[in-house]
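The values are calculated or read from the model by the stated rules, or taken from the named source; none is laboratory data. These figures come from a predicted structure and were not determined experimentally. Using ideal geometry, Cβ is built from the backbone for each residue, glycine included, and neighbour counts are taken over all protein chains shown.
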Amino acid sequence: MRVGVLSDVHANRVALEAVLADMPPVDALVCAGDVVGYNPWPADCVDRLIELSVPTVMGNHDRAVVERTGFRFNRTARAGVEHARDELDADAVEWLASLPTERLAFDGRVKLVHGHPDDPDRYTYPDSFSPRLLDGEDVLVLGHTHVQHVGRYAEGVVLNPGSVGQPRDGDPRAAYAVLDLSALDVETHRVAYDVDAVKRAIAEAGLPDRTGERLARGR
């Protein structure tokens, strides 16, 4: 079974569609949270994941929209959350509110979290990957850092597919991964998309210029 793995879409419709078009054939999709925030198209991205029936966990930006919390947000992040609150209808907010902080998929072989198995808001960077993060599942999928990385261990795999909508590892291309559950193997992928079009949409939506500048730098 092949699974497309997404995370941190962050309301970037152009990047999401580029990822879905680029992705090789898969049997299912999963998402490690933060569907909304930062970018101009929160409703489109929520609708797309609902349309595709993607098992998803709640990220900190998703929760901030639902619970009206700030998560120590800076001005750029706060603007994206406020934009999402303005753009999302009741059904989209209800979907976000229904997302769990942890989800088991594929008969318990895959665990999805956003930040860390013990704390959904904890940033788990590649240097913190270890088999101690695993708790019986074959694959732990997490996001939050926007840094693509795979840790392979005798006990299983720890995977951050990277960010679809706002990479922060110096590569501005949208990131995702494909997990082969039969072979317990992971392919990481990057795909270019029209960053300039997103930057124009950011300006038109009245979102901070820095949001677009970060996309261009992959930071």
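Based on what the data block shows, is residue 59 closer than 21 Å to residue 215 by Cα and in contact (Cβ under 8 Å) with a residue 60 or more places away in the chain?
Numbers: closer than 21 Å to residue 215 by Cα: yes; in contact (Cβ under 8 Å) with a residue 60 or more places away in the chain: yes.
The answer is yes for residue 59.
Examine the stretch 63-79 for a residue that is of a type in the set (Asp, Glu), modelled with pLDDT under 95 and surrounded by fewer than 19 Cβ atoms within 10 Å (Cβ to Cβ), and state whether such a residue exists.
Among the residues of the stretch 63-79, at least one is of a type in the set (Asp, Glu), modelled with pLDDT under 95 and surrounded by fewer than 19 Cβ atoms within 10 Å (Cβ to Cβ), which makes the answer yes.
Please enumerate the residues belonging to the stretch 1-56 that are of a type in the set (A, V, I, L, M), closer than 12 Å to residue 175 by Cα and under 14 Å from the mean Cα position of the chain (by Cα). Walk me through it before giving the result.
Applying the first criterion (of a type in the set (A, V, I, L, M)) to the stretch 1-56 yields 1, 3, 5-6, 9, 11, 14-16, 18-21, 23, 26, 28-30, 32, 35-36, 43, 46, 49-50, 52, 54.
Applying the additional criterion that residues be closer than 12 Å to residue 175 by Cα yields 5-6, 9, 15-16, 18-20, 23.
Result: 5, 6, 9, 15, 16, 19, 20.
Tell me which residues, restricted to the stretch 177-219, are hydroxyl-bearing (Ser, Thr, Tyr) and within 23 Å of residue 84 (Cα to Cα).
Passing the criteria: 193, 211.
I need every pair where a residue in the stretch 191-202 that is of a type in the set (Gly, Ala, Ser) has its Cβ under 6 Å from the Cβ of a residue that is crowded, with 16+ Cβ neighbours inside 10 Å, sequence separation at least 6 or different chains.
What qualifies is 192/173; 197/14; 201/40.
Please go through the stretch 58-90 and pick out each residue that is in a loop (DSSP other than H, G, I, E, B) and in contact with a Ser or Thr (Cβ under 6 Å, 6 or more places away or on another chain). Quick ask: steps written out before the conclusion?
Step one: list which residues in the stretch 58-90 are in a loop (DSSP other than H, G, I, E, B), which gives 58-59, 68-74, 88-89.
Selection gives 58 alone.
Please pick out the residue among 147, 164 that is touching a strand residue (DSSP E or B) at 6+ places or on another chain (Cβ under 9 Å), among the hydrophobic types (A, V, I, L, M, F, W, C), assigned to a loop (DSSP other than H, G, I, E, B) and in contact (Cβ under 8 Å) with a residue 40 or more places away in the chain.
164
Keeping to the stretch 42-61, report how many residues are crowded, with 21+ Cβ neighbours inside 10 Å and out of contact with any Asp or Glu (no Cβ under 7 Å at 6 or more places or on another chain).
Number of matching residues: 4.
Examine the stretch 45-53 for a residue that is out of contact with any His (no Cβ under 7 Å at 6 or more places or on another chain), of a type outside the set (Lys, Arg) and closer than 20 Å to residue 203 by Cα, and state whether such a residue exists. Please lay out each step first, then the result.
Pass one, the stretch 45-53, residues out of contact with any His (no Cβ under 7 Å at 6 or more places or on another chain): 45-53.
Subset that is of a type outside the set (Lys, Arg): 45-47, 49-53.
Imposing the further condition that a residue be closer than 20 Å to residue 203 by Cα reduces the set to 45.
Yes - at least one qualifying residue is present in the stretch 45-53.
What's the total number of residues in the stretch 91-140 that are assigned to a helix (DSSP H, G or I), without any contact (Cβ under 8 Å) to a residue 40 or more places away in the chain and surrounded by fewer than 20 Cβ atoms within 10 Å (Cβ to Cβ)?
Selection size over the stretch 91-140: 10.
Would you point out which residue out of 197, 203, 216 is aliphatic (A, V, I, L, M), part of a helix (DSSP H, G or I) and either at pLDDT below 95 or touching a His at 6+ places or on another chain (Cβ under 6 Å) (or both)?
Only one candidate passes the filter, namely 216.
Please enumerate the residues belonging to the stretch 11-33 that are at positive phi and either touching a Ser or Thr at 6+ places or on another chain (Cβ under 7 Å) or of a type in the set (Phe, Trp, Tyr) (or both).
Scanning the stretch 11-33 gives a single hit, 33.
If you take the residues in the stretch 150-161 that are in a strand (DSSP E or B) and of a type outside the set (Phe, Trp, Tyr), which one is surrounded by the fewest Cβ atoms within 10 Å (Cβ to Cβ)? Show your work before the answer.
First, pick out the residues of the stretch 150-161 that are in a strand (DSSP E or B): 150-153, 156-160.
Narrowing the set further to residues that are of a type outside the set (Phe, Trp, Tyr) leaves 150-152, 156-160.
Working: 150: 18, 151: 18, 152: 14, 156: 21, 157: 21, 158: 27, 159: 25, 160: 29.
Among them, the one singled out is 152.
In the set 110, 93, 30, which member is touching an Asp or Glu at 6+ places or on another chain (Cβ under 9 Å) and modelled with pLDDT of 95 or more?
Of 110, 93, 30, the one residue that is touching an Asp or Glu at 6+ places or on another chain (Cβ under 9 Å) and modelled with pLDDT of 95 or more is 110.
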